[in-house]
Amino acid sequence: MGSKRKESPTSDVHIRNDYTYAIETENLWRVYKVGVNVEVAALRGLNLQIEPGQFLALKGRSGSGKTTLLNCLSGLDRATAGVARVLGRDLAQLNDRQLTRWRREELGFVFQSFGLLPTLSAYENVELMLRIRGARSKERHDRTLYCLDLVGLRKWIDHRPYEMSGGQQQRVAIARALANTPKLILADEPTGELDSGTAREILSLFQSIVREENITILMASHDSLVDEYVDDVLQLQDGQIV
């Protein structure tokens with residue numbers, strides 16, 4: 001694996017390693033106001049504990065709260081009440097600037113729509129994450145090639161997204177998510193736009209990454225194939241784990 005990440009001397013968010021659970025929520029609520037005196041609870045007192053190094057699927061019907069939960073766990077959305085503790089960090093205790101730095105240094109994201117920059121090559125899409133973090137040239141180069149090797153795309157480093165298949169684009173997206181050596185990857189429907197054969201390849205890749213890189217992956221999905229690859233399935237219904 002690439003060199004161990006060092007904390008920036010200007011960072012005000014210290015990386016923690018003294019946690020039992022990669023993800024832990026206590027009575028987590030997210031309530032949205034949708035009109036005058038009208039509120040909708042997307043999460044309803046959700047309690048969850050996920051140990052480090054697991055590959056878990058989060059399932060549920062549309063509107064069950066899957067994306068809301070991922071957003072609260074990443075700090076992209078703020079819980080209305082309760083506790084969201086991720087990688088030992090109580091997210092409610094971080095301001096917006098601290099959350100941005102924390103996400104950049106400890107989380108990886110994979111989306112259904114890939115989210116690649118169309119004018120950049122596979123190499124440039126992955127390396128960009130390291131540039132944003134302020135990594136030096138050699139570290140950027142070595143880590144980018146390592147991540148593209150890991151997802152089996154070393155020969156495609158100069159290709160742009162439109163020159164690659166959907167599965168290859170998702171592999172680039174996974175390499176990008178791995179670039180900053182995250183401890184946790186949150187994936188939202190990562191196989192949603194892929195055929196079943198390609199979906200199996202991506203799920204197998206996730207499985208290997210969890211084992212080889214010691215990363216925790218929580219993946220929201222409707223795909224029935226995921227049951228064969230994950231360590232466990234969490235069923236979400238009406239904003240609660242059932």
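Working only within region 103-130, note down all residues that are of a type in the set (A, V, I, L, M, F, W, C) and either at pLDDT 95 or above or part of a helix (DSSP H, G or I) (or both).
Leu120, Ala122, Val126, Leu128, Met129, Leu130 - these are the residues of region 103-130 that are of a type in the set (A, V, I, L, M, F, W, C) and either at pLDDT 95 or above or part of a helix (DSSP H, G or I) (or both).
Could you please find all residues in region 196-242 being among the polar types (S, T, N, Q), surrounded by 16 or more Cβ atoms within 10 Å (Cβ to Cβ) and under 16 Å from the mean Cα position of the chain (by Cα)?
Scanning region 196-242 gives Gln207, Thr216, Ser221.
Restricting attention to region 174-207, which residues are in a helix (DSSP H, G or I) and closer than 16 Å to Val126 by Cβ?
Those that are in a helix (DSSP H, G or I) and closer than 16 Å to Val126 by Cβ: Ile174, Ala175, Arg176, Ala177, Leu178, Leu205.
Tell me, which residue of region 64-81 that is out of contact with any helix residue (DSSP H, G or I) (no Cβ under 9 Å at 6 or more places or on another chain) and more than 22 Å from Val230 (Cβ to Cβ) is surrounded by the fewest Cβ atoms within 10 Å (Cβ to Cβ)?
Ala81
Just give me the residues in region 115-140 being free of Cβ contacts under 8 Å to residues at least 60 places away in the same chain and among the hydrophobic types (A, V, I, L, M, F, W, C), in sequence order.
Leu117, Leu120, Ala122, Val126, Leu128, Met129, Leu130, Ile132, Ala135
Give me the residue from region 216-242 that is assigned to a loop (DSSP other than H, G, I, E, B) and either touching a Phe, Trp or Tyr at 6+ places or on another chain (Cβ under 9 Å) or among the basic types (Lys, Arg) (or both) and, out of that set, modelled with the lowest pLDDT.
My answer is Gly239.
The values are calculated or read from the model by the stated rules, or taken from the named source; none is laboratory data. This is a predicted model, so every value here is computed, not measured. Virtual Cβ from ideal backbone geometry, glycine too; neighbours counted across all protein chains shown.
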